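> After the structure tokens below, expect a handful of questions from me.
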């Protein structure tokens, strides 16, 4: 009997019910990782739902520069004080000196690993989260990553590769403003619980690392039924979610992607008007 | 600093020969401003290259060097909503020019696809200018990019396909399933057309298996960072020269030795 692995979207990117409601949705702890590319506009909301906030090297620059722009009615300094990462980690060749000093003075831990050029900053962060948070149940922990997609393609590929490296240890979700990506491990029945208030309908199943001889799904408009998939042949893109629960079983790891419908009209400032770091 | 200009990659199979990848287009207007280059482009095509370039525009944010690629192409095709992008974004690259003048100067030859994304006003505008509009809404099996590539392959008998390069903008970023579908098109046409996907930060092209690939880099605008990505299947053996960290017989598969951020 195959094991069932649940993927539940228990965080939100739209503050439609206010921050308090957003927090109460989630029973599973989340960690937010900020990488060095343009941050989705819902980053503050993910931040507020997280138990741990980590910047990968130049991700700290992004946090410093871009968060104030999301709160145009506020003093940049006040916004920066409110969004202080717990840790900045990596080889520290991208984080600006002024940014590093600012967060260090606020109490952020700065962990440099300049000697390790064999792994990306993102890989180092995931390893850190895995090893340094014994109090967090790793089967429940979800790592939400922003700034992972777009920009230099070799970075994007390297970030997707980290999902494969940690395929059987941590649930990691890469988020851009338009899409989320997560790995569905081979051999399990993956039960994907969709939050249709902001996810979908378009989605895809991608055999990024290796061809699949047999993949089966339910809950999609065009389901797979022991169907082979490979690049150069059939891959599932522009598929449509038709149920709150999608199931996928495959002989290989697959990349699941679903579009995100971010509600731009919601005033982030109202949501955070009295927000203090939890 | 980087004395080696040519990168060679091969897989451990019987080699079909050497395949050259030459960056004979440019994204910098070092021969003049974007304005000048576009104003004099006409249909000259890539006058400083022996190969022909075709430009395909997809429906996502266009790189700022799009006008320059446009001026070097002998054929310009919009995939459905790519026409919206052309209409909306090209004038933004020429802030001192009248938008209608910029649009007139950048008229696509063809707009093709299932036409469910192109705006009615944009379609009418280009149709009146003489752009050929090809409706393939009956074909829901293939992506708009796939339709465009197939069209280019079949409709340009006068172009030598071994010398033809298809430059694609608006292919990366946005919805990830679209990006994956666009990358998949490289695989679909692996042995028939040279296709390059562009974003503002990167270019992507497929290196077909079984060849020794000679990649001639234009270091005035390419690099230094690069990567070799085994998308879709692991590689048992890849060899390279010309990189900071070359591959010997390195096993490359997702989760293991994936070269990225290597100079």
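> Using every alpha carbon pair in region B:197-247, what percent of pairs falls into each 5 Å bin from 0 up to the bin containing the largest distance?
Whole-percent P(r) values from 0 Å outward: 4, 13, 28, 29, 17, 7, 1.
> Something else now. Any idea how far apart residue A:10 and residue B:134 come out in nm if each label point goes 7 Å out from Cα toward Cβ?
5.1 nm
> Here's another thing I want to ask about it. Can you classify region A:26-177 as rounded, prolate or oblate using the Cα gyration tensor, where a ≥ b ≥ c are the square roots of its eigenvalues, rounded means a/c under 1.5, and otherwise it's prolate if a/b beats b/c and oblate if not?
Because its axes are fairly even, with a/c under 1.5, region A:26-177 counts as rounded.
> In nanometres, what is the gap between the two model label sites at residue B:219 and residue B:104, each 7 Å from Cα along Cα-to-Cβ?
4.5 nm
> Arrange the following residues from fewest to most other Cβ atoms within 10 Å of their Cβ: B:203, B:220.
In order of increasing Cβ crowding within 10 Å: B:220, B:203.
> To the nearest 0.05, what FRET efficiency results for residue A:3 and residue A:84 with a Förster distance of 41 Å applied to their C-beta separation?
So the FRET efficiency works out to roughly 0.60.
> Which ordering of B:76, A:226 is given by a fewest-first count of other beta-carbon atoms within 10 Å?
A:226, B:76
> Then there's this: Using only the Cα atoms of region A:98-143, build the gyration tensor, take square roots of its eigenvalues as a ≥ b ≥ c, and label the shape rounded, prolate or oblate: rounded if a/c is under 1.5, else prolate if a/b is larger than b/c, else oblate.
Because a/c hits 1.5 or more and a/b fails to exceed b/c, region A:98-143 counts as oblate.
> Tell me, what is the percent relative contact order of chain A, built from C-alpha pairs under 8 Å that lie six or more residues apart?
21 percent
> Averaging over every viewing direction, what projected area does the convex hull of the Cα atoms of chain A cover, in nm²?
Result: 14.7 nm².
> Does region B:51-206 come out rounded, prolate or oblate, given a ≥ b ≥ c as the square roots of the eigenvalues of its C-alpha gyration tensor, rounded meaning a/c under 1.5 and, failing that, prolate meaning a/b above b/c?
Rounded, since a/c falls under 1.5.
> Which order results if B:75, A:206 are arranged by neighbouring Cβ count within 10 Å, fewest first?
B:75, A:206
> Suppose R0 equals 56 Å; then what is the FRET efficiency for residue B:162 and residue A:109 from their Cβ-Cβ distance, rounded to the nearest 0.05?
With R0 = 56 Å, the Cβ-Cβ based efficiency is 0.50.
All of the numbers you see were taken from the coordinates with simple rules; none came from a lab. No experiment lies behind these values; they were computed from the predicted model shown. Heads up, the Cβs are rebuilt from the backbone with ideal geometry, glycines too, and the neighbour counts pull from every protein chain shown.
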